[in-house]
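Q: Before I ask anything, let me first share the structure, which is written out below as structure tokens.
Coordinate-derived values only; no laboratory data. Predicted model only: the values in this text are computed from it and were never measured.
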């Protein structure tokens with residue numbers, strides 16, 4: 001049971017870009033792949049002396065829709081009798097955001113995005129090759145290399161104040177390495 005009413009578009013609705021009656025494009029495909037096209041029953045010839053083909057279907061639709069500035073209903077009739085129908089909608093032009101007269105206040109996230117991280121490297125060679133390694137205080141995860149070495153880069157600004165050690169924990173081997181941050 002549908003408890004909501006259908007959405008109706010009004011005369012000022014921006015989404016109401018397509019007219020009620022769309023131009024009807026009929027494309028008939030011959031056995032050799034040649035296309036003939038009509039728009040509302042009027043033939044739409046190729047701009048050059050040649051015929052439209054399957055390879056030029058995209059340019060044909062671009063020409064008919066004026067590079068997708070008008071919506072059309074397209075019906076393609078294949079030589080084997082199968083029919084394909086679709087509606088090609090218009091492209092909505094993207095509007096550039098108007099510059100704000102009020103400056104946007106700086107947020108913690110915007111300050112964080114601009115900063116250069118202070119990194120510390122922690123390594124240990126006690127792990128099973130390829131195993132997942134947990135980095136605790138858990139700030140990230142890494143993998144052991146083919147020789148069983150694990151390497152983690154830690155952004156010191158992500159750690160709570162006073163943190164001076166990091167634990168690397170092998171998820172398969174259970175190996176633990178405690179390393180001092182320098």
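Q: What is the P(r) of the range 117-180, as percent of Cα-Cα pairs per 10 Å bin from 0?
A: So the P(r) values, bin by bin, are 25, 55, 19, 1.
Q: Follow-up question, since we're still on this one. At 0.36 nm per residue, minus the direct Cα-Cα distance, what do residue 66 and residue 155 gain on full extension? Give it in nm, one decimal, please.
A: Extra length available between residue 66 and residue 155 comes to 26.8 nm.
Q: Let me test this: with uniform point scatterers at the alpha carbons of the range 24-88, what is the Debye-based log₁₀ I(q)/I(0) at q = 0.23 1/Å?
A: -1.00
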